[in-house]
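Report on the following structure.
The values are calculated or read from the model by the stated rules, or taken from the named source; none is laboratory data. This one's a predicted model, so the numbers in the text were calculated from it and none came from an experiment. Glycine gets a Cβ as well: all are built from the backbone with ideal geometry, and neighbour counts include every protein chain shown.
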Amino acid sequence: HQPTPTPFTLSLMLRAMFNLRGAVASRATLLRPATRPLFAQRALQPVCTLGRHCSTTPKAEEPAEKKDDKPMLIFEGAKNKLVVHLKMVSIGNLGLAITTSPLLQYAAGNKGMLMSGLFLTFGGGTTAALTWATTTYVLNMTSIPGRDALKVETPTLFGGIKTTEVEWSAITRPLGYHPFVTFEANGTKYYLDELGTMHDEAFPEKLESKINAE
């Protein structure tokens, strides 16, 4: 037979149970990982060190650089294709005469030598004369942006195009004789065909004034 607990004993037992339960709860709280921060974090605001970096006003676009003016065609010759083709044909005839001369000498003997000499003289003479007459012919003339100068195109010996930059200050009255010449610059003569197309109406008067001023 167990003794009946007294009221004092019951109160001590209840107090001990409550203390034990509180200790267990405190230990569980300490061991449980933190699932949320102690303090709600606020979003960090950007700090402006320079006012222009944080300004909400859109940056004004820089003005576009001024584009260079395009070259303007001033003059265009009337016989451009004809001059180029004549020079090519002349060079072709001279080349043919040179290549056939040995064959004529071998096939016809003395007569072949005379014929080859005649062909070479004719081909060389016509090529030289045509080159001298057409070297001054201006095929095209254009302006050079940003400079007081001209870009002049003339035919070459083999029918190509030679481009020369002529400063306006170098233009003078032509010296010496040539059947086709309008002005001279740096010792080179240039001829503007009267039948050519003048795209700049003010250019002839300006050129004439420059030549007469010399």
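A few remarks follow.
- Looking across region 176-203, the residues that are closer than 14 Å to VAL138 by Cα and polar (S, T, N, Q) come down to THR182, THR188, THR197.
- When we screen THR134, THR172 for residues that are under 18 Å from LYS87 (Cα atoms) and either touching a strand residue (DSSP E or B) at 6+ places or on another chain (Cβ under 6 Å) or of a type in the set (D, E, K, R) (or both), the only hit is THR134.
- Test: LEU104 is surrounded by 17 or more Cβ atoms within 10 Å (Cβ to Cβ) and not aromatic (Phe, Trp, Tyr): yes
- Residue in region 44-51 that is assigned to a helix (DSSP H, G or I), out of contact with any His (no Cβ under 9 Å at 6 or more places or on another chain) and at pLDDT below 50 present: yes
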